[in-house]
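The structure under discussion appears below in the form of structure tokens.
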């Protein structure tokens, strides 16, 4: 539910801005239960129609090439470095769609590199120009844009905020909060002590 809401907000931003870079946390992979193909396609189409460029950074990727993590291929290159993985990405699942060109980005002198997906329907020179604009206009620490780092910080609810939201939903809409069952206690009874219990 939260991912669908996030995609809706991203689509609204893509429709209301023009000539902008839109930074996303995650990949441009669709067809999963939380990112339907039509939802991500709508987002990318809205961005292109308003001359926006979508850059999606993935902190952890499972994609491999010849048995190596794709981010390992730029370790010895001098930053800023952008390497496009040629060809179409493939997966064992037929319902998975890659809607972006997959790159490996090492944007600052650091040991880190990230998977960077750029809308596959925009020309290569526009994609490279977008990354150049990002480097020139944003603070890049450890090859990761500061704007995305701040978005992570400000979009996370504190424990007090979560309690407040739960109370509001309970009072306004009668929604009940149900505690998740403790599997360890269910399986082991009073001997089910684990790291989550004191």
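The values are calculated or read from the model by the stated rules, or taken from the named source; none is laboratory data. All values derive from a computational prediction rather than experimental measurement. Cβ placement follows ideal geometry from the backbone for every residue including glycine, while neighbour counts extend to all protein chains displayed.
Kindly establish whether residue 165 is surrounded by 11 or more Cβ atoms within 10 Å (Cβ to Cβ), modelled with pLDDT of 80 or more, over 19 Å from the mean Cα position of the chain (by Cα) and not assigned by TED's automatic domain parsing to the domain that holds residue 20. Spell out the reasoning first.
Details: surrounded by 11 or more Cβ atoms within 10 Å (Cβ to Cβ): yes; modelled with pLDDT of 80 or more: yes; over 19 Å from the mean Cα position of the chain (by Cα): yes; not assigned by TED's automatic domain parsing to the domain that holds residue 20: yes.
For residue 165, the condition - surrounded by 11 or more Cβ atoms within 10 Å (Cβ to Cβ), modelled with pLDDT of 80 or more, over 19 Å from the mean Cα position of the chain (by Cα) and not assigned by TED's automatic domain parsing to the domain that holds residue 20 - is met.
Just wondering, is there one or more residues in segment 137-150 that are out of contact with any helix residue (DSSP H, G or I) (no Cβ under 8 Å at 6 or more places or on another chain), in a loop (DSSP other than H, G, I, E, B), surrounded by 13 or more Cβ atoms within 10 Å (Cβ to Cβ) and on the phi < 0 side of the Ramachandran plot?
Taking every residue of segment 137-150 in turn, none turns out to be out of contact with any helix residue (DSSP H, G or I) (no Cβ under 8 Å at 6 or more places or on another chain), in a loop (DSSP other than H, G, I, E, B), surrounded by 13 or more Cβ atoms within 10 Å (Cβ to Cβ) and on the phi < 0 side of the Ramachandran plot.
Scan segment 99-135 residue by residue and report those that are within 15 Å of the chain's Cα centre (by Cα) and surrounded by fewer than 17 Cβ atoms within 10 Å (Cβ to Cβ).
Listed by number, the list is empty, since nothing qualifies.
Write out, first by first residue and then by second, each pair whose Cβ atoms fall under 6 Å of each other, whose residues are 6+ apart or on separate chains, and whose first residue, in segment 3-32, is buried (at least 16 other Cβ atoms within 10 Å of the Cβ) while the second is part of a strand (DSSP E or B) and at pLDDT below 90.
Within 6 Å, the pairs are 29/98; 30/97; 31/97.
Which pairs do you get when a residue that is under 9 Å from residue 104 (Cβ atoms), found in segment 68-79, comes within reach of a residue that is exposed (fewer than 12 other Cβ atoms within 10 Å of the Cβ), reach meaning Cβ atoms under 9 angstrom, with the pair 6+ apart or on two chains?
Here the result reads 70/64, each pair linking segment 68-79 to a residue that is exposed (fewer than 12 other Cβ atoms within 10 Å of the Cβ).
Yes/no matrix, rows are residues, columns are (1) in contact with a strand residue (DSSP E or B) (Cβ under 8 Å, 6 or more places away or on another chain); (2) at pLDDT 80 or above:
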{"site": "84", "(1), (2)": "yes, yes"}
{"site": "90", "(1), (2)": "no, no"}
{"site": "135", "(1), (2)": "no, yes"}
{"site": "160", "(1), (2)": "no, yes"}
{"site": "174", "(1), (2)": "no, yes"}
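Take segment 1-26 and flag every residue that is under 16 Å from residue 122 (Cβ atoms) and not in a helix (DSSP H, G or I). I'd like the intermediate steps shown before the answer.
Of all residues in segment 1-26, those under 16 Å from residue 122 (Cβ atoms) come to 14, 17-24.
Within segment 1-26, 17, 18, 19, 20, 21, 22, 23, 24 meet the criteria.
I need the full set of residues from segment 34-62 which are over 15 Å from the mean Cα position of the chain (by Cα) and part of a loop (DSSP other than H, G, I, E, B), in order please.
50, 51, 52
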